[in-house]
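Q: Below are the structure tokens for one structure; questions will follow.
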Amino acid sequence: MATKTWNGRDGVFAVDANWVQQAAPAAGDTATISAGTVTAAGMLPAFLTVALNAPSGTSPTLVLSSATLPASDQVAITAATTGTALQVRGTVNNGGSIAASGGPGLVSFRIGDAGQSTAAVLINSGSILVNANLQVVAGSAMGDRLENNGLILVRSPGKTPQLAYASTAITGNGTVWLGQYVTFEAAAAVSAGQTFVFEPGAGATTLRIDAGAQFGGTVAGFGMGDAIQLVSNRWDTAAYRPTDAYGGVLTLSLGGVAVQTLAFKGTYNIASFGLRESVAFGSSRASTAITLSDRLFDPGYYLRQNPDIAAAAIDPYQHFMNYGWREGRDPSLLFSVSKYMAAYPDISRAALNPLPHYELYGQGEGRTAFPVGGTAAPDFLIDTAYYAQQLGASMVPAGVAGQQQASWSYDATGWRQGLNPDALFDTNYYLARYPDIKAAGINPLKHYEQYGWREQRDPSLLFSTSKYLAANRDLQGAGVQPLLHYSQYGQYEGRLAFLTGPSAAADPLVDPAFYDKQLGATLIPTGPAAQQQAAASYDATGWRQRLNPNAFFNTNYYLSRYPDIAAAQINPVRHYEQYGWREGRDPSAQFSVAKYLAAYPDIRRANIEPLAHFLAYGQSEGRAAFAV
């Protein structure tokens, strides 16, 4: 075993005279190349290490011409300057390891040559390990490609953003692993057999898909702080369809025609994704940035607070994840970088990005996300748990600190996003019913607390200010805000929350206890008013939110199975009760109208609606609910 050094001239790897030692490297040797273009062909010796060590000012190139690297071989590339290259001609099989690391230079993998019509293919069944800036470029032949059936792993040395650019097609059935701070730009087709893995839990990883690049790969490990950027793909609707228990497909369409599909491994739904117009890296091309929904990042706020970023047309999310947090820039009014780092010196010492740390780990550890500026006074009309549930995560802690933080969040952005501070205060209802408040751009909760209740305005369909005061004479003239009284005392004293407008009739298909559980809070009282209030809630908003009135009526099922009802925007329970059951429509997969009526002719002869009968009498009589 020996270290052989290239003499610096262009030449053939296997020719003895081309090496300083006057002997070509053999099995077990290390071949060091610092300059020149070196061509290796055929089967390379076993246990061989080829080291391209490029000092400043040199650009060595290793040409693999119809060559094979056995599993024991390694090509190690270190680039101090841009230009160090691996050139592929013909069909090259890598069963070993190709590693590019170390220096700040750009490493090039050139597959094929300009002006050549014969395709060049790099078949990777081993590993390609990249710890440097990399470009993979194709020649001029139609079939030039990288066939990856093994592992391509791209990492960033340290915490510096790293770019990997591929203008050659990637085919095969392999894995591309992307580490933190890595941007991988796909400028050519990627086959369905490739799985792009975002390093789980790391964040700040980006997959950029250029215009015209047909990306058929599957994305795995996509998490908070990661991004997928689609360049020049215009769309107007987005949908996510689970394909099995382990993943699904996100489809972006324009005018009903799919323009981009992305397969994901993991548990997601359409609400998981944040989709926003952005600007492609280094240009003014339109693009779409896909992230996981991040309630603590406000792109509008970030650009307003940082006009230099807006003027440079840089994607705000990517700037914050890569640079902004280091510069002390805040992602939104709801999250102060400096306060988080000051409160948790272990995060500061480890130089971790505080936003993904909080979202991935901190909130689960009971750490606090501090708002920018002063601390908001707690608002006791805000139900912390109910409000946090709408954010899709436990963003706010429990106790007074939680109410403080929820108050700040609702005041800063929550009411503009249509979030509700409490189950009995409907932000959108208040602004729609009182257009003077909407026109003035006033926080509806603050208005109700200071003026609205005195003006007999109602906070939602589910709570009538005037009826509550009329029914509870001890509160009249006491200056007590009725909704706050009910929330803190009245409901526990057995007082009723009266519906706005005329009282709704009780609906036998609405099970108050079952319905209430889906609201995530005890909104519906017990006793005779319960069914009335649950029915009113379902009629007003529940069916649009796809809540179910009972265990045997599935709102989604009914609207999906009967698209004419969905298109007409008809309350599905009302349709079923008046027409649906007579037309043989089933309320869920668990209850067949036709089978129930066939099994029980007494119900059929009496012309009784079958589901209401089953819920009120049938199940207690031992009658069966037949699946569709």
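Q: Pulled fully out, how much extra length does the chain show between GLU455 and SER34, if you take 0.36 nm times their separation in residues and subtract their Cα-Cα distance?
A: Going from the current span to full extension adds 143.2 nm.
Q: May I pose another question? Under 5 Å between amide H atoms, partner at least 5 residues away or on a different chain: which partners does ALA132 have, H built in plane at 1.01 Å?
A: Amide H neighbours of ALA132: ARG155.
Q: In Å and on Cα atoms, what radius of gyration and Dmax does the chain show?
A: When restricted to Cα atoms, the chain yields Rg and Dmax of 32.2, 107 Å.
Q: Can I ask one more? Please give the length that would be gained between LYS595 and THR3 if that part of the chain were fully extended, namely 0.36 nm times their separation in residues minus their C-alpha to C-alpha distance (nm, one decimal).
A: Extra length from LYS595 to THR3 when fully extended: 204.9 nm.
Q: Where the only charges are on Cβ atoms (+1 Lys, Arg; -1 Asp, Glu), what is the dipole of the chain about its Cα centre, to the nearest 20 debye?
A: In total the dipole reaches around 280 debye.
Q: Taking every DSSP beta bridge that has both residues in the chain, what percent is antiparallel when rounded to the nearest 5?
A: Beta bridges within the chain, antiparallel portion: roughly 25 percent.
Q: Sticking with the crude label model, points 7 Å out along Cα→Cβ, report the distance from ALA311 to ALA239 in nm, one decimal please.
A: In this crude label model, ALA311 to ALA239 measures out at 4.5 nm.
Q: Around PHE273, which amide H atoms from residues at least 5 apart in sequence, or from another chain, sit under 5 Å from its own amide H, with H modelled in the peptide plane?
A: SER293
Q: Oh, and also: With N set to the residue count of the stretch 96-174, report its C-alpha Rg divided by 2.2 N^0.38 Å to two decimal places.
A: The value comes to 1.12.
Q: What does the charge count around TYR558 come to, taking other residues whose C-beta lies under 9 Å from its C-beta (Lys +1, Arg +1, Asp -1, Glu -1)?
A: Local net charge: +1.
Q: Next question. Mind checking which of ASN428, LEU254, ALA589 is farthest towards the positive end of the chain's charge dipole, using Cβ charges of +1 (Lys, Arg) and -1 (Asp, Glu) about the Cα centre?
A: LEU254
Q: If amide hydrogens are placed 1.01 Å from N in the peptide plane, which non-local residues have theirs closer than 5 Å to the one on ILE152?
A: Sorted by chain and number, the residues that satisfy this are ILE128, THR175, VAL176, TRP177.
Q: Can you give me the distance in nm between label points at MET43 and ARG544, each placed 7 Å from the Cα along the Cα-to-Cβ direction?
A: 7.2
Q: A further question follows. Ranked from highest to lowest mean number of other Cβ atoms within 10 Å per residue, what is the order of the peptides 145-154, 245-254?
A: 145-154, 245-254
Q: Okay, moving on. Quick check: net charge around ALA26, other residues with Cβ under 14 Å of its Cβ, Lys/Arg +1 and Asp/Glu -1?
A: Taking every Cβ under 14 Å from that of ALA26, the sum is -2.
Q: For the stretch 160-268, count all C-alpha to C-alpha pairs, find those more than 17 Å apart, and express that count as a whole percent of the total.
A: Of the Cα pairs, 54 percent sit more than 17 Å apart.
Q: Take every Cα-Cα distance within the stretch 1-151, group them into 10 Å bins from 0 onward, and report for each bin the whole-number percent of pairs it holds.
A: 13, 44, 37, 6, 0
Q: Per DSSP H run of at least 4 residues, take -39500 (n - 2.57); add these up for the chain, divide by its residues and hand me the 222 nm value, nearest 500 deg cm²/dmol.
A: Value at 222 nm, helices only, nearest 500: -5000 deg cm²/dmol.
Q: While we're on this one: Simple spin-label model, 7 Å along Cα-to-Cβ: THR267 to TYR489 in nm?
A: It is 4.3 nm.
Q: When the expected Rg is taken as 2.2 N^0.38 Å, what fraction or multiple of it is the alpha-carbon Rg of the stretch 401-478?
A: Ratio of Cα Rg to 2.2 N^0.38 Å: 1.14.
Q: Now for a separate question. Can you tell me the length gained on complete extension of the stretch THR118 to GLU583, counting 0.36 nm per residue apart and subtracting the Cα distance?
A: Full extension of this stretch gives 160.8 nm more.
Q: Now a separate question. Go through SER407, SER620 and list them by solvent-accessible area, largest first, probe radius 1.4 Å.
A: My answer, sorted largest first, is SER620, SER407.
Q: Mind ordering 573-584, 126-137 by average Cβ neighbours within 10 Å, highest first?
A: Per-residue mean Cβ counts within 10 Å order the peptides as 126-137, 573-584.
Q: What residue among ALA567, GLY441, PRO161 has its Cα farthest toward the positive end of the dipole of the chain, where the charges are +1 on Lys, Arg and -1 on Asp, Glu, each on the Cβ?
A: ALA567
Q: Percent of alpha carbon pairs in the stretch 101-234 separated by more than 23 Å?
A: Considering the stretch 101-234, 28 percent of its Cα-Cα pairs are separated by more than 23 Å.
Q: Here is a follow-up. Which peptide among 220-227, 337-344 comes first, and what is the full order, when sorted by highest mean count of other Cβ atoms within 10 Å?
A: Highest to lowest by the protection proxy: 220-227, 337-344.
Q: Evaluate the stretch 10-97: find the radius of gyration of its Cα atoms, find its Kirkwood radius, and give the ratio Rg to Rh.
A: Ratio of gyration radius to Kirkwood radius for the stretch 10-97: 0.94.
Q: Would you tally the net charge around VAL190, using a Cβ to Cβ cut-off of less than 15 Å, leaving VAL190 out, and scoring K and R as +1, D and E as -1?
A: Net charge in that neighbourhood comes out at -2.
The values are calculated or read from the model by the stated rules, or taken from the named source; none is laboratory data. Every value quoted in this text rests on a predicted model; they were computed, and no experiment measured them. Virtual Cβ from ideal backbone geometry, glycine too; neighbours counted across all protein chains shown. Areas reflect the complete protein model, heavy atoms only, side chains present, ligands, DNA and RNA absent. Shrake-Rupley method; radii C 1.70, N 1.55, O 1.52, S 1.80 Å.
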